[in-house]
Each structure stands twice: as C-alpha cells, then as structure tokens.
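All remarks here apply to the structure that follows.
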2 protein chains.
Amino acid sequence: MAFEQELKTKSAYIEDLLKEYMPKEEGYQNTIFKAMNYSLSAGGKRLRPILTLEASKIVGGNEKDAIPFAMAIEMIHTYSLIHDDLPAMDNDDFRRGKPTNHKVFGDGMATLAGDALLNYAFEIMLRESIGKKNPDIRLKAIYEIARGAGIYGMIGGQVVDIESEDKAIEKEKLDFIHMNKTAAMIVGCMRAGAIIGYASEEDLQNITRYAKNIGLAFQIVDDILDIVGDTKILGKPVGSDLENHKSTYPALIGLDESRKVARNLIEEAKDSIKKLSGDTSFLEGLADYIISRDH
Amino acid sequence: MAFEQELKTKSAYIEDLLKEYMPKEEGYQNTIFKAMNYSLSAGGKRLRPILTLEASKIVGGNEKDAIPFAMAIEMIHTYSLIHDDLPAMDNDDFRRGKPTNHKVFGDGMATLAGDALLNYAFEIMLRESIGKKNPDIRLKAIYEIARGAGIYGMIGGQVVDIESEDKAIEKEKLDFIHMNKTAAMIVGCMRAGAIIGYASEEDLQNITRYAKNIGLAFQIVDDILDIVGDTKILGKPVGSDLENHKSTYPALIGLDESRKVARNLIEEAKDSIKKLSGDTSFLEGLADYIISRDH
C-alpha cells in the first residue's frame, strides 16, 4: 500500500533525526543516557513526531523549525511509556517485544530515565528556540506540548484511567480518559507544529479538530484491538486490558458500536483536514489507517 | 537572629504565593491535584524560590516577572523529593515529619504526582511568559531551569549518586555528584532570576559563582549533619546516609576537612556576591546561615 510505505519512510526519517537528538553516551552519568536511548530506540511508528512535522508542512511552515518539537514529543511519549510500565503502574515486562526499561535498568533508574526524557524534551525545545526569530511563537508552541502532556492532558487522563480500574464508569468519564490520555497529546503535537508554521486561526482550528478526532479514534481502536487482536502482531498479551478490568469502549458500549463511533470520528477528521489548502493526502491516509490498523 | 527572621518572612511569602499557583482540587483527576498539593504544602524553607526572587531583585528586576519562575522551581524541587522517596529509589517513609507522598497516595500516584509537578513547572513558566515583553529573555530563563534540573544537572547528579552507593569513589566523582545533584539547580534558579531581571553579564557571573558555592556548601553541610545532627531536629533518621553506604564528604575527607571546605566555599560566595551593587545583605546572611544551620 502506498500509504503504509509513506508512513514507513516518515518513521525511518524520524528514527534518523532522533539519533541526532539523543544524548551522547559519555560521562559519569552514562547510565541515564543509556536508559533514555534504550527506550528511545525501541521503535514504534513515531506517529506523534510525524504529525508535528506534517502539521507544520501543511500550513507552509519551515520543517527545520518544527523538528525540535517533533523530537521533544517523542521523548515525552517515551517517558510516559517507561513510567507506565513500572511495577508501581502497569507492571509490564515487555514493550514492543523488548524487555521494558525497568527490567533492564532497574526501577529506580527507569523512574529517573522517564524524568530525564520529560525534562530533556523541554531542554531541546528551549535550547533550539533561543536566539531564533519570533520567540513568542515558540513559547506558544512549547506551551501546547506542555499543556498536552500535563495534568490537564495526558497525566490527567492517566490518573483517571488508573482510578477507574475494577470499576463500572460512566461514558462521560471514559471520554475524559480517552480525550486526555491520548488525544490531548496528539492535539498538542499537531498544534505545536501548526503554530511553529504560522498557521492561520482557521487552519489551527481544523487541525485541532482533526487531531482530537484521530486521537480519540486511536484510543478506541486500541481498546478494540486488545480484544480482537493477535498477540504476535501487537507485541503484548491480548486481553491484558480486560484482565486488568480496565474500562474500555467495547466494555461499555460494545464492539460494533465502538467501531461505529471510531468510524464517525475518522470521517469528521478527514472533513476537517480537507478544509486546509495544503496537500492533505497523507493526513487523510493516516486517518483511514488508524481505523484499519491491525498492528 | 535578624537573618533567621527575614528568612522566615520570605518563606511565608513563598508559601502564600504557592497557594495561588497550586492546581485547584476539582475535576475527575482530583487525586493528582491532591497528591501534588500534599507535597507542595509540606513545608521546608523554600530556599530555591527565595533565591530566584533575590537574584532578580538584586539586579533591579521586577519581582512580578520572577514569581512564576520561583514557583516552578519549588515544583521541580518537590517532584524530585517525591521520586527520591519512592521504594524504587531511597524508599523513605517520612519527609519533614510527614508520611511521604507514596505512603499516602500509593507508588503509582506518587510517580505521576512527580511527573505532574515537573511538567506543571514548565506550564507555569510558559503560560506566564506568553504575550509578555522580551520573550527571548524568558526562553533563556526557562532554559536555565530546565538545564539545572536535567541530565546535565540534578538528574545527572542523582544517577551517579545512586550508582555510587556501597562503593569507594574518588573525590572528582563526589564533586560531580554534589555539583549536579544540588548546586546545578541552585545555579539554575538564581541565573533564571537574574536573567529575568536583565542582569549584566558580569553580575550574572558573580551570581553564578555565589550559587554554585552555596550549593556545594549546602550539600557538604547536609552530609555533615547526617553524621552529627539530631533526628528530632532534622526530621529524618540520623546516619541514614551512612547506613545506605552513601558516598559523602565526611566519609571521604573527614569531618574537619569537610567543614573547612564548606567554610571556604561560603567565603568565596560572599566575596562574589559583594561585587554586585544591589543590597546583598540577605544573600550574605544566607551564605553564613548555610554553614551554621542545624535544622
């Protein structure tokens, strides 16, 4: 498929960029660099940084300006996975077929590696913004990332997610979890890319709607895949969400209805992004891909 | 003592400011707000935010500009304590006479509360910088904090500190630990305050030297207090560093020599800060206080 090939090319491009942005493994504190880079190198589709670059490109932005933000976002995403996997949280031994960070470096070092990645994300965005044109725009773009990752975004969603285990929760709360745990960061990374590319207010609104919708759909599809997916393809045990009594869309409104909701979100996302004047084919393809992915 | 009274007044002022900056305890994710605020309210002398405001004031800066940075620094300091206390790290049950965060909220929530405070620190600094004059100066000030808190600062020092337990380490490595674990953040918070106050390059250099020296002295005195202090006054078991086989100054160069090194650092710090034209009496008093404190 043409889209999947394009996604692979973009993922590989992000991999190469990440290598440049990873801390050099030298000095007394070398272990923390190794722990950070271990998880940064663990693969994945790099969707978030791709979306940052794409949001910037589609509004006519300069890619060079958007790259530090894309890198920072992948670091924040990686930190959240490292902390999520800790025994104190989900207690997962494997991620993407590899031992999780704490399994290799120990719980303490994995905690610090997560902290380090979150902090380093801001270091990168700030360092590469100092002395550049339009610092106010850069402050705004960094703020979008910070907001998306924080207590009114990703962390907020994680907290409610954890507290909702083993409980029957209402749909409003489940939507809060999905919106914040996953979508808020997708929104943050696309808004940051758009803002750094000097998006018009109208374009920014349409990008925001696209990001929110694919973020929500992504989380619903993730829930669906946990029930119907295949362990080998997913790289994590199928049914682990059910085992943990996690509140999911299929558990609350059923599998078919969940699929319908996801499809509607994707159609709305595509309608929103089509309103932009740039080349939206990749982002449209990505929306379709999210609903069709099986790995 | 006049200085101690002034310090108390300043601490109380920071306490009041912090209350304004703490997240409101409402919404689905309320538990994370409670966990953050529990540790933010746990007291302490609030040295770091006081130093930020003082560095700004001494170079003629506007206090209003420096306040968000002072608040952010206390949040970063608090996050580092929460994560330090986790079972995966130091496994401490009490801090300042109160149960540690994870003892009240559980290990997972305490991990997230730390993450949340670090992230929120950046949210505050960014949010209150957007739309203000001289955004480039603000980017620089935020970067100082990020750098001081990260892998080339506080986290870097923590990593080497953890790895050096149960080991005989050389003085160079111990100095690296002290410089990064404690002094880097003191340097970061004073430089941020000075930069936001439009310090001259010369003033900034002198403030940096002062901050580095009192930071190192602070850590050495901390090591000394762990051996000679009193449990009730310190609020933590005396000798806990020795029990953990932590590498400390007294363990490496002896108690008397450690005291001498700390005294020299303090004298140099005072010499540096006296070169500024502003009122340096509080910062001189603080340098003396660090070496004389017993609680």
Subset of region A:93-114 that is farther than 20 Å from A:Gln29 by Cβ and open to solvent by 60 Å² or more (accessible area, probe 1.4 Å) - its residue that is nearest to the other protein chains (Cβ to nearest Cβ) = A:Lys103
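Looking at the structure I just gave you, is A:Asp136 in a loop (DSSP other than H, G, I, E, B), over 17 Å from the mean Cα position of the chain (by Cα) and under 24 Å from A:Ala184 (Cβ atoms)? Give the steps one after another, and end with the answer.
On the way: in a loop (DSSP other than H, G, I, E, B): no; over 17 Å from the mean Cα position of the chain (by Cα): yes; under 24 Å from A:Ala184 (Cβ atoms): yes.
So A:Asp136 does not fit the description; no.
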query = Quick one: would you say A:Leu139 is facing chain B (nearest Cβ under 9 Å), open to solvent by less than 50 Å² (accessible area, probe 1.4 Å), closer than 15 Å to B:Asp115 by Cβ and of a type in the set (A, V, I, L, M, F, W, C)?
reply = no
query = In the set B:Ile50, B:Ile73, B:Ile58, B:Ile14, which member is within 14 Å of chain A (Cβ to nearest Cβ) and of a type in the set (Val, Ile, Thr)?
reply = B:Ile73
query = Which one is most open to solvent (accessible area, probe 1.4 Å), of the residues in region B:186-232 that are modelled with pLDDT under 95 and among the acidic types (Asp, Glu)?
reply = B:Asp230
note = Residues of region A:264-284 being farther than 11 Å from A:Asn213 by Cβ and not hydrophobic (A, V, I, L, M, F, W, C), in sequence order, are A:Lys274, A:Lys275, A:Ser277, A:Gly278, A:Asp279, A:Thr280, A:Ser281, A:Glu284
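Can you name every residue in region A:142-188 that is among the hydroxyl-bearing types (Ser, Thr, Tyr) and free of Cβ contacts under 8 Å to residues at least 60 places away in the same chain? So that I can check it myself, show each step before the final result.
First, the residues of region A:142-188 that are among the hydroxyl-bearing types (Ser, Thr, Tyr): A:143, A:152, A:164, A:182.
Correct list: A:Tyr143, A:Tyr152, A:Thr182.
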remark   = With criteria (1) open to solvent by 10 Å² or more (accessible area, probe 1.4 Å); (2) under 30 Å from B:Ile162 (Cβ atoms); (3) of a type in the set (A, V, I, L, M), A:Leu17 comes up short on (2)
remark   = Of the conditions (1) at pLDDT 95 or above; (2) assigned to a helix (DSSP H, G or I), the single one that B:Gly131 does not satisfy is (2)
task = Would you mind listing the helices (runs of 4 or more DSSP H) fully within region B:244-295 where at least 3 residues are at pLDDT 95 or above?
result = B:255-274, B:281-292
key: Unique match (being of a type in the set (Phe, Trp, Tyr), in contact (Cβ under 8 Å) with a residue 24 or more places away in the chain and crowded, with 18+ Cβ neighbours inside 10 Å) among B:Tyr28, B:Tyr38   = B:Tyr38
task = Please state which one of A:Ile50, A:Ile82, A:Ile67 is among the β-branched types (Val, Ile, Thr), open to solvent by 10 Å² or more (accessible area, probe 1.4 Å) and on the phi < 0 side of the Ramachandran plot.
result = A:Ile67
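The values are calculated or read from the model by the stated rules, or taken from the named source; none is laboratory data. Nothing here was measured: the structure is a model prediction, and the numbers come from that model. A quick note on method: Cβ atoms are made from the backbone with ideal geometry, for glycine too, and the neighbour counts reach across all protein chains shown. Quick note on the areas: whole protein, heavy atoms, side chains included, nothing else; ligands and nucleic acids left out. Shrake-Rupley method; radii C 1.70, N 1.55, O 1.52, S 1.80 Å.
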